[in-house]
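Data block below; observations after.
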Amino acid sequence: MTQQGAALQGYNNELVKCIEDLSLQKEELNKQIQQAEEEKNKLQHQIQVLNEQLECVCEDLAQKVASRNELDKILAETEAAYMKILDSSRTLLNVLKKEVGSLKSMPELKSH
């Protein structure tokens, strides 16, 4: 019976050692899980911050594009109006030159 008792004691010791090893593995795994969860939370926070920054940049960009489009419209209208002024000025100048030319050909204005 002593042999059986010794064998049983050996099995018991091995079982206890295996249980201790498994407990250590579990503790290590728990530490790794905790670190991974902390990293996940950190990354999620960074994503949230970046999403908020992206939203602000997108809103700012949309406002700037709208302002640029409005400026493009104003510039096009101004350039068109300026071209009309130039055309009118050219027409006025041509009319004035014709009038002055016809005045010079009038006999009462010729020098004696």
* Asked: Out of curiosity, is Q44 at pLDDT 95 or above and either more than 31 Å from the chain's Cα centre (by Cα) or not in a helix (DSSP H, G or I) (or both)?
  -> no
* To do: Check whether at least one residue in region 32-46 is free of Cβ contacts under 8 Å to residues at least 40 places away in the same chain, β-branched (V, I, T) and surrounded by fewer than 10 Cβ atoms within 10 Å (Cβ to Cβ), and report yes or no.
  => no
* Asked: L75: in contact with a helix residue (DSSP H, G or I) (Cβ under 7 Å, 6 or more places away or on another chain) and either part of a helix (DSSP H, G or I) or surrounded by 10 or more Cβ atoms within 10 Å (Cβ to Cβ) (or both), yes or no?
  -> no
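The values are calculated or read from the model by the stated rules, or taken from the named source; none is laboratory data. Quantities reported herein were computed from a predicted structural model and do not represent experimental measurements. Glycine gets a Cβ as well: all are built from the backbone with ideal geometry, and neighbour counts include every protein chain shown.
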